[in-house]
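The values are calculated or read from the model by the stated rules, or taken from the named source; none is laboratory data. Because the structure is predicted, anything quoted here is derived from the model rather than measured. All Cβ positions, even for glycine, are placed from backbone atoms using ideal geometry, and neighbour counts span all protein chains on display.
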Amino acid sequence: MGKSSEPKIFVSVGERTLQEVEQTVSNFNNSSLGLELRLDYLEDTHDLDQSLKELINRFRFPRVLATCRRTNAGGKFAGTIEEQLEVLQKAVRAGCQIVDVELESVKSKKPQELQRLFRPARLIVSYHNYRRSPPLDTVYRRLVRSGASIIKIATRARDLRDNLKIFRLLRSHRRRQPRLIALAMGPAGIPSRILGLQKGSHLTYASANSRGGVSPGQVAAEIMRASYRVEHLNDKTQLYGIVGSHASLSLSPIMHNAALHAKRINAVYLPYEAQRLGDFIEVVKALGLQGFSVTMPFKREIFKHLDWVDPLAERIGAVNTVAVRRGKWFGWNTDAAAVTEVLSKRIRLSGSQVLVLGAGGAARAAAYALQAEGAKVFISARRHSAAVRLARAIRAQALQWETPDWLETDSVINATPVGMPPFEHLTPTDLGRLRTRVVFDMVYHPIETRLMAEARRRGLVAISGLEMLVAQGARQFEIWTSETAPRALMEQAARQGLTHLHST
């Protein structure tokens, strides 16, 4: 077989019937993708031979991998080992060229017996741990003794450092026999899925769409190829990313990767989901990240790791952008610059009056930036004490959450989460009680919030949070690369990402 027939990305599909499998497969059929059929998801496997053969012949994937994971190994197949092996033999007769059998099912079989059972298909013997990442060298040696030509290790990433365990294993066994597939499952394990091929994994797995895969942490095949470009990453690829407690849900990767690709920069931007900042710091140093975005809850905690902080970010008390240069860490707050950039296109900031709703990190960035531009700022938050503290810090005026009817402003900024799921049916304030010209909603999911819709109904200028997302991201890109950010492309990518998010 030529190299082109050996796919590096296998799309995992698990459905109740072969008809549903066919429908799912028809949406991503690609001659260079492999297909993993999770047969343990099927409700009926009795007449599998002929119907599966027809499906395989119809779509002609270069490689089809059959898996029938038993329940004791994290799958859905409740039958005996012999019944499991019988299902996989049917799959081989139907045309599957690779078979995956978990270690729990092959303990009683000799290597030669296993190879004979599934000939001419190649055999993967796999180990899955959905709870943690144990010492991997011990697991590796157990798998090698199975005699399989390919072995697979998939463990749960409890933190980001578990990715480093996977990478160390891949590095120490790179280009050795048997071939090794290794990855970490779960949101924290996404870096191992994106960088796995670069680090030496024989292949990696993806989901058929953005609604989630058969394994926790799987990324849609379309995103793996078009955004992360996993098949093109090499040892010279620079690494960037975003760290936060919900980083796997961020739009920043799809936006920044589009910009990096457009500028022909050999780099990739990944989500690093962490519950502790120290976990991420260890990964930054081990992998050599060139820069990263910081989101909640680490925008203040990151300060103690920085060698230099931009004066405005220092005053705000929050950093969302870090560049690593010659071993030194430099911090900025591009949210602040984005607020003034977006608003200054609609109003003259100096001498204007702006009401900021909220007193968290986004509100602080907006308030400090506007105060620095000479605007008169009002702060209103559900926790009035927080509004008072922020107002005192910038010599602004704190208002009760029930905003007075008489307040007249040039702009109202929503810096609260009200308007995004699960609060999309709410608005943070009653525009009928205010006199203003511009309504700026920092929420970007959904793009058209209820607050924005109401503003447009009243004939007011409405600004989407997507515009700010792109503005702050563009400034990050320019800090890291010294290149002009392709803003229109970044906005287009972010909109596409929101479309995927909305469909999940």
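The residues listed here are Arg325, Arg364; of these, the one that is over 28 Å from Leu434 (Cβ atoms) and either surrounded by 18 or more Cβ atoms within 10 Å (Cβ to Cβ) or modelled with pLDDT of 95 or more (or both) is Arg325. Screening Ala485 against (1) assigned to a loop (DSSP other than H, G, I, E, B); (2) farther than 23 Å from Leu349 by Cα; (3) not assigned by TED's automatic domain parsing to the domain that holds Gln290 leaves a single unmet condition, (3). The lone criterion from (1) out of contact with any helix residue (DSSP H, G or I) (no Cβ under 7 Å at 6 or more places or on another chain); (2) hydrophobic (A, V, I, L, M, F, W, C); (3) crowded, with 24+ Cβ neighbours inside 10 Å left unmet by Ala182 is number (1). Contact map, the stretch 59-79: residues that are over 15 Å from Val13 (Cβ atoms) and free of Cβ contacts under 8 Å to residues at least 24 places away in the same chain paired with residues that are hydrophobic (A, V, I, L, M, F, W, C) and in a loop (DSSP other than H, G, I, E, B), Cβ distance under 7 Å, separation 6+ or inter-chain. Pairs shown: Thr71/Ala78. Candidates Arg168, Arg176: the one that is at pLDDT below 95 and either assigned by TED's automatic domain parsing to the domain that holds Glu15 or not acidic (Asp, Glu) (or both) is Arg176.
Against the list (1) without any contact (Cβ under 8 Å) to a residue 40 or more places away in the chain; (2) of a type outside the set (Gly, Ala, Ser); (3) crowded, with 22+ Cβ neighbours inside 10 Å, the condition Pro311 fails is (3). Does at least one position in the stretch 265-272 carry a residue that is touching a residue at least 12 places away in the same chain (Cβ under 8 Å) and in a helix (DSSP H, G or I)? No: zero hits.
Within the stretch 369-386, residues that are farther than 23 Å from Trp406 by Cβ reach partners that are surrounded by 24 or more Cβ atoms within 10 Å (Cβ to Cβ) with beta carbons closer than 6 Å, at six or more positions or on different chains, in the pairs Ala369/Ala336; Ala369/Val339; Ala386/Ala359.
Restricting to the stretch 23-79, and then to whatever is aromatic (Phe, Trp, Tyr), outside any strand (DSSP E or B) and out of contact with any Gly (no Cβ under 9 Å at 6 or more places or on another chain), can you tell me which residue is nearest to Ala220 (Cα to Cα)? Checking each candidate, the answer is Phe28. The listed residues are Ser482, Ser464, and the only one of them that is without any contact (Cβ under 8 Å) to a residue 12 or more places away in the chain, under 30 Å from Ala267 (Cβ atoms) and either in contact with an Asp or Glu (Cβ under 9 Å, 6 or more places away or on another chain) or surrounded by fewer than 17 Cβ atoms within 10 Å (Cβ to Cβ) (or both) turns out to be Ser482. Among the residues of the stretch 204-219, none qualifies, meaning not one is of a type in the set (Lys, Arg) and either modelled with pLDDT of 95 or more or touching a His at 6+ places or on another chain (Cβ under 8 Å) (or both).
Counting only strands (runs of 3 or more DSSP E) that sit wholly inside the stretch 92-192, those with at least 1 residues that are under 25 Å from Gly278 (Cβ atoms) and of a type outside the set (D, E, K, R) are 122-129, 150-156, 179-185.
Residue-by-condition table, conditions (1) in contact with a strand residue (DSSP E or B) (Cβ under 8 Å, 6 or more places away or on another chain); (2) surrounded by fewer than 21 Cβ atoms within 10 Å (Cβ to Cβ); (3) closer than 26 Å to Asp235 by Cβ; (4) outside the structural domain of Gly95 (by TED's automatic domain parsing):
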position: Gln112; (1), (2), (3), (4): no, yes, no, no
position: Arg122; (1), (2), (3), (4): yes, yes, no, no
position: Pro135; (1), (2), (3), (4): no, yes, no, no
position: Tyr140; (1), (2), (3), (4): yes, yes, yes, no
position: Ile151; (1), (2), (3), (4): yes, no, yes, no
position: Thr155; (1), (2), (3), (4): yes, no, yes, no
position: Arg158; (1), (2), (3), (4): no, yes, no, no
position: Ala188; (1), (2), (3), (4): yes, no, yes, no
position: Leu195; (1), (2), (3), (4): yes, no, yes, no
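For the stretch 367-394, filtered to residues that are assigned to a helix (DSSP H, G or I) and polar (S, T, N, Q), the residue that is surrounded by the fewest Cβ atoms within 10 Å (Cβ to Cβ) is Ser385. Checked against (1) within 19 Å of Arg495 (Cα to Cα); (2) touching a Ser or Thr at 6+ places or on another chain (Cβ under 7 Å), Val268 passes all but a single condition, namely (1).
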